[in-house]
Structure formats: C-alpha cells, structure tokens
Amino acid sequence: KWSFGDNTGSAEINPIKQYLNAGAYTVTLISRSNFGCSDTFKKTLEVYELPLANFTLKNACINTPFTFQNTSHLNSGNYIANWQFGDADTSLAISPQHLYKKSGTYNVYLKLTSNHSCVDSIYKTLQVFALPKVYAGKDTLMDKGFPIRLNASGALTYNWWPPIGLNNPFISNPLANPDSSSTYIVEGTDEQGCKNTDTLIVTLNPEIRLIPYNVVTPDKNGLNDTWQIKNIESFKNNHVIIFDQWNQKVYEKQGYANDWEGKNQRGEILPDATYYYILTSTDLNKKYTGFITLMRNKE
C-alpha cells in the first residue's frame, strides 16, 4: 500500500506517479505478507518545478541580426537554454541573436534543462524573408538652384540620408536641391519590415545657370510685374546694373532679389523702352548681359 503524500495512493507493486506541484512529499510504503506480517517504510521525496520553455517570434530578414526573446519561466533555480535555429547553427545563450543567410521556413527548437535536471522544450516555425531590391535611381547631373526629382523604388517606405537639400526625406521621390555635389543613401523597408539600401550621387554642374527674363510689365496684374531672374536666390552675392538706351545708369543694386519694378534709383517711374543690364556675382565665373523690354499697361 502506497501513500504518495498528496492524498493519493496506489496498491501496485511499482506504481508510476506524476506530481502536479513542486514541493517535499513524504512517501509511505506498507508491505503485508500472506501471513499477515507487515512493515512500514517512509522517505521524503523532493519534487522540483518544471521549467516552462517559450519564446516570441516575428518575421526575420536574411543578413539581418535577429534576436530570439526568451520568455521561459522558472520560479526557483536556474536553467540551461539549448537553441537549434533550423539551419544547423546552435546557441546556449538565454536570448541569442542569429543571422540567417537564406530565406525560407525554419523550425526553431528551444530545450531547457534546470539545475535539477528537469526538462521542457518547444519549437516554433520562423519565416525568413529576402531583402527588398531597393533602387535609388541613376547618378545624375544637375544645375545649382534647379531642383531635380529623385525616384527610389522596390520598397514600401523610404528614408533618405542626409536630408540636407531634400524637401521630404521620407518619400520615394523627394525634390533634391543641394548646394554642393552630394551622395544620398536611401533605406527602403518592405511589407515584412525588411530593409535594404542603395546609393545615388547628385553632381552639381560646374557651369552654373541663371535665366534672366527679358520682359517687365509692372501693371499689378501678377504677371511680369518685376524683372525676374530664375535661380538668382542661389547667388545672393550678386550685383545688377541697368542702363537706358543712352547708356545712362538708371538702377543699381547689390543683392538683387527679383524686385525691380521699372523705376530708377530714386523710385521714379521709367518710360517704356528697351534697357540693358549687367549681372555679376562673386559666386559666378560668368558675367550675364542682355536687354529688358519695359512695357506698362500691357498684358
């Protein structure tokens, strides 16, 4: 007659018993012969807690370090973790980091062995995805002050670096207007959270370009009301001189900002005529000259 110390017992000679809770149990065995003779033997049995093996999974990407978060549980004592990643690599770390070199499906196995030799294990299926094929576009040549449109592809979201000179570094096709030749790196992230990068070089054209317009109609209709020089804002150290048909200087300004309304230096209205300009800048190796037609009360 067996008594296992947890209010259960058995009449088998060699019983198998499973304890549901850890702790110390006094096991009693009473033996009786066919002549009615009996003897009693008692022994204390220590039942140790079984570790509960578990870990969290999320999508992994090839060639990207992935950390397995060990969420196993053991109230007392400690345990040894034995990992098998499904690609022939193993680890004894508690929460190891692993890098998969090929995409595919892997069975990840975790076995725990406590300091009392109690064992539990679990395996989960991990999906490893290929990296997106991010393309930043072809290297390009641009004129200073004339923005160009970049156009990355191959991912879901994008992040350009450095952001200097870009109107929005978090879209696939930002406008780029750098002050100097720049190398841009775009990081693309796909639907699985996998990331990849590509590089694009934007080279500034050494032949800097300005475009002075040749018509001014200062009649307050919002069209050609001032003399416009496209890209002048990129060359703030400029110098403009305007002459009339008799070669008399009527206007001069250091740091011209597209604000001449057809008036002389004293602010007096100039008559309709053709005028001559000279445009220079310390940032330019070139002098711009040409003619401006001033017409009032005309479209």
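The values are calculated or read from the model by the stated rules, or taken from the named source; none is laboratory data. Nothing here was measured: the structure is a model prediction, and the numbers come from that model. Don't worry about glycine lacking a Cβ; one is built from the backbone with ideal geometry, like all the others, and counts go over all protein chains shown. The area values use the complete protein model at the heavy-atom level, side chains included, leaving out ligands, DNA and RNA. Shrake-Rupley method; radii C 1.70, N 1.55, O 1.52, S 1.80 Å.
For residue 57, all conditions in the list (1) of a type in the set (A, V, I, L, M, F, W, C); (2) under 14 Å from residue 119 (Cα atoms); (3) loosely packed, with under 14 Cβ neighbours inside 10 Å hold save one; what is the number of the exception?
(2)
Is there any pair linking a residue in region 268-288 that is over 19 Å from residue 244 (Cβ atoms) to one that is outside any strand (DSSP E or B), with Cβ under 7 Å and at least six apart or on different chains, and which?
280/287; 281/235; 281/237; 282/237; 283/235; 283/237; 284/208; 284/235
Name the one entry in 64, 113, 125 that is under 28 Å from the mean Cα position of the chain (by Cα) and in a strand (DSSP E or B).
Working: 64 fails: in a strand (DSSP E or B); 113 fails: under 28 Å from the mean Cα position of the chain (by Cα).
After ruling out the rest, the residue left standing is 125.
Among 144, 195, 138, 133, which is the only one that is among the basic types (Lys, Arg), over 16 Å from the mean Cα position of the chain (by Cα) and either closer than 30 Å to residue 56 by Cα or open to solvent by less than 70 Å² (accessible area, probe 1.4 Å) (or both)? Lay out the reasoning, then the answer.
Numbers: 195 fails: over 16 Å from the mean Cα position of the chain (by Cα); 138 fails: either closer than 30 Å to residue 56 by Cα or open to solvent by less than 70 Å² (accessible area, probe 1.4 Å) (or both); 133 fails: over 16 Å from the mean Cα position of the chain (by Cα).
So the residue among 144, 195, 138, 133 that is among the basic types (Lys, Arg), over 16 Å from the mean Cα position of the chain (by Cα) and either closer than 30 Å to residue 56 by Cα or open to solvent by less than 70 Å² (accessible area, probe 1.4 Å) (or both) is 144.
Here are the criteria: (1) more than 30 Å from the chain's Cα centre (by Cα); (2) crowded, with 16+ Cβ neighbours inside 10 Å. Tell me which single one residue 73 does not satisfy.
The number of the failed condition is (2).
So which residues in region 275-299 are touching a His at 6+ places or on another chain (Cβ under 8 Å), among the hydroxyl-bearing types (Ser, Thr, Tyr) and modelled with pLDDT of 90 or more, if there are any at all?
Listed by number, the list holds a single entry, 280.
For region 1-56, give me the residue count where each residue is part of a loop (DSSP other than H, G, I, E, B) and either in contact with a strand residue (DSSP E or B) (Cβ under 8 Å, 6 or more places away or on another chain) or among the hydrophobic types (A, V, I, L, M, F, W, C) (or both). Outline the logic, then answer.
Step one: list which residues in region 1-56 are part of a loop (DSSP other than H, G, I, E, B), which gives 1, 4-8, 11-22, 33-37, 48-51, 53-54.
If we keep only those that are either in contact with a strand residue (DSSP E or B) (Cβ under 8 Å, 6 or more places away or on another chain) or among the hydrophobic types (A, V, I, L, M, F, W, C) (or both) as well, we get 1, 4-6, 11-13, 15-17, 19-22, 35, 37, 48-51, 53-54.
Qualifying residue count for the region: 22.
Residue 244 fails exactly one of the following numbered conditions: (1) out of contact with any Phe, Trp or Tyr (no Cβ under 9 Å at 6 or more places or on another chain); (2) acidic (Asp, Glu); (3) surrounded by 14 or more Cβ atoms within 10 Å (Cβ to Cβ). What is the number of that condition?
Of everything listed in (1) out of contact with any Phe, Trp or Tyr (no Cβ under 9 Å at 6 or more places or on another chain); (2) acidic (Asp, Glu); (3) surrounded by 14 or more Cβ atoms within 10 Å (Cβ to Cβ), residue 244 misses just condition (1).
Okay, residues lined up against (1) among the small types (Gly, Ala, Ser); (2) within 30 Å of residue 17 (Cβ to Cβ):
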{"residue": "77", "(1), (2)": "yes, yes"}
{"residue": "88", "(1), (2)": "yes, no"}
{"residue": "101", "(1), (2)": "no, no"}
{"residue": "110", "(1), (2)": "no, yes"}
{"residue": "123", "(1), (2)": "no, yes"}
{"residue": "126", "(1), (2)": "no, no"}
